[in-house]
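First up is the structure itself, then whatever we jot down about it.
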Amino acid sequence: MTDPQPTHGLWADLSHPNLPADNSDFSVIGIPYDGAACARTGAALAPERIRFWSRHLTPFSEDRTRLNGLRVADLGDIPVTDQVSDFKRIRQRVATLPNIPVVLGGDHSITIPVFQGQFERYENQRLGVLWLDAHPDLCDVFTGSKLSHACVLRRGLEAGIHPEDVCLVGLRSWEDQEIDLVENGGLNVYTAADVAEQGIKNIAAGVRHRLNNCDIVHISLDIDCLDPAYAPGTGIPEAGGLTSREVITLIKSLQGLPLAGLDVVEVSPPIDPTESTVFAALRIIMEFIAVIARERQTNG
Ligand SMILES: [Mn+2]
């Protein structure tokens, strides 16, 4: 099947070529790297595929918020061949951005330098994290690496994120070495089963309450937070996950919090036969943009 002609411009008409970051509200950065994934790879191809289908979206949120007052600068990709040196480049890029980063993975390891970059940029401020994932990624070492996609949040805590400022939503899969931190580490854990039992509105109220004390809030979204029914195209699909409806509702409920960034990781186009996973990622990104749009409309 050949790709169709795009019906809109890049990022639903919110972007145009060479738009500088200084002059825009969001910076998209792709990190086409899946060398730290432990199961099926393919996430390196996600930035290209997400960008491609962004040309088929309209500049509206689901509730018809007009997004066309906002500008998205697409800064292209930062290729990774060496995790240590190239992660440093990602960190520096994020640390020096003038606007809100939207980072496209890649496997989840690329969030390690994103956290570090946000820390550097917002020095001495309290960084809150909404972690949407089937997995807590709290391993110290995984498959011999401290930079594995299973170690991301552990590295974030070491970088200085306070456990009480982290809300994990959608969890349902664990490594033995993570259990103690999950149960006794002071993190705010909302499993996928909690969401099913308590309802996403109640979970969202808890998340808001926790993140309200933070100076800035970063969202790290592993697409495997979604049930494989909604997002089959990911390295480790875990049954019993969130619905796309629940994730969108949760993100919309964050309006008013000081949102400072989003990363979307682990989308794997080669194992995403209908591309529904790519489209789910795109819808989540657009609803994130819409939260900022409504916020600015509210505050003039
Ligand atoms: Mn995961």
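The values are calculated or read from the model by the stated rules, or taken from the named source; none is laboratory data. Because the structure is predicted, anything quoted here is derived from the model rather than measured. FYI the Cβ positions are ideal-geometry reconstructions off the backbone, even for glycines, and counts take in every protein chain you see. For the accessible areas, the whole protein counts, side chains as well, though only heavy atoms, and no ligand, DNA or RNA atoms are used. Shrake-Rupley method; radii C 1.70, N 1.55, O 1.52, S 1.80 Å.
Taken over the stretch 263-296, residues that are within 16 Å of the ligand (Cβ to nearest atom), hydrophobic (A, V, I, L, M, F, W, C) and farther than 25 Å from Thr2 by Cα amount to 3. Criterion applied to Thr96, Thr143, Thr65 was being hydroxyl-bearing (Ser, Thr, Tyr), touching a residue at least 40 places away in the same chain (Cβ under 8 Å) and under 21 Å from Ser15 (Cβ atoms), and the one residue passing it is Thr65. Checked against the criterion of being open to solvent by 70 Å² or more (accessible area, probe 1.4 Å), more than 28 Å from Arg40 (Cβ to Cβ) and not hydrophobic (A, V, I, L, M, F, W, C), the stretch 143-150 has no qualifying residue. Kindly provide the set of residues from the stretch 238-277 that are in contact (Cβ under 8 Å) with a residue 24 or more places away in the chain, closer than 11 Å to Asp224 by Cα and among the β-branched types (Val, Ile, Thr), ordered by number. Hits for the stretch 238-277 are Val264, Val265, Val267, Thr277.
Taking the stretch 113-126 as the range and being open to solvent by 10 Å² or more (accessible area, probe 1.4 Å) and either under 22 Å from Gly42 (Cβ atoms) or touching a residue at least 24 places away in the same chain (Cβ under 8 Å) (or both) as the test, the residues that pass are Gln116, Phe119, Glu120, Arg121, Tyr122, Gln125, Arg126.
When we screen Asp63, Asp22 for residues that are open to solvent by 30 Å² or more (accessible area, probe 1.4 Å) and outside any loop (DSSP other than H, G, I, E, B), the only hit is Asp22. Would you please name the residue that is nearest to Gly128 (Cα to Cα), looking only at residues in the stretch 180-213 that are open to solvent by less than 10 Å² (accessible area, probe 1.4 Å) and either out of contact with any strand residue (DSSP E or B) (no Cβ under 7 Å at 6 or more places or on another chain) or in contact (Cβ under 8 Å) with a residue 60 or more places away in the chain (or both)? Here the residue is Leu211.
Restricting to the stretch 1-49, name every residue that is aliphatic (A, V, I, L, M) and in contact with a helix residue (DSSP H, G or I) (Cβ under 7 Å, 6 or more places away or on another chain). Scanning the stretch 1-49 gives Leu10, Ala12, Ile29, Ile31, Ala36, Ala37, Leu45, Ala46. You will find that of Thr58, Thr41, Thr81, the residue that is of a type outside the set (D, E, K, R), without any contact (Cβ under 8 Å) to a residue 40 or more places away in the chain and either part of a helix (DSSP H, G or I) or open to solvent by 20 Å² or more (accessible area, probe 1.4 Å) (or both) is Thr81 and no other. Against the conditions (1) crowded, with 17+ Cβ neighbours inside 10 Å; (2) closer than 24 Å to Asn188 by Cβ, His162 satisfies every one except (1).
Restricting attention to the stretch 240-262, the residues that are in a strand (DSSP E or B) and either touching a Phe, Trp or Tyr at 6+ places or on another chain (Cβ under 6 Å) or within 16 Å of the ligand (Cβ to nearest atom) (or both) total 2.
Looking at Asp107, Asp34, can you tell me which residue is in contact with a His (Cβ under 7 Å, 6 or more places away or on another chain), buried (at least 22 other Cβ atoms within 10 Å of the Cβ), touching a residue at least 12 places away in the same chain (Cβ under 8 Å) and closer than 19 Å to Thr277 by Cα?
Of Asp107, Asp34, the one residue that is in contact with a His (Cβ under 7 Å, 6 or more places away or on another chain), buried (at least 22 other Cβ atoms within 10 Å of the Cβ), touching a residue at least 12 places away in the same chain (Cβ under 8 Å) and closer than 19 Å to Thr277 by Cα is Asp107.
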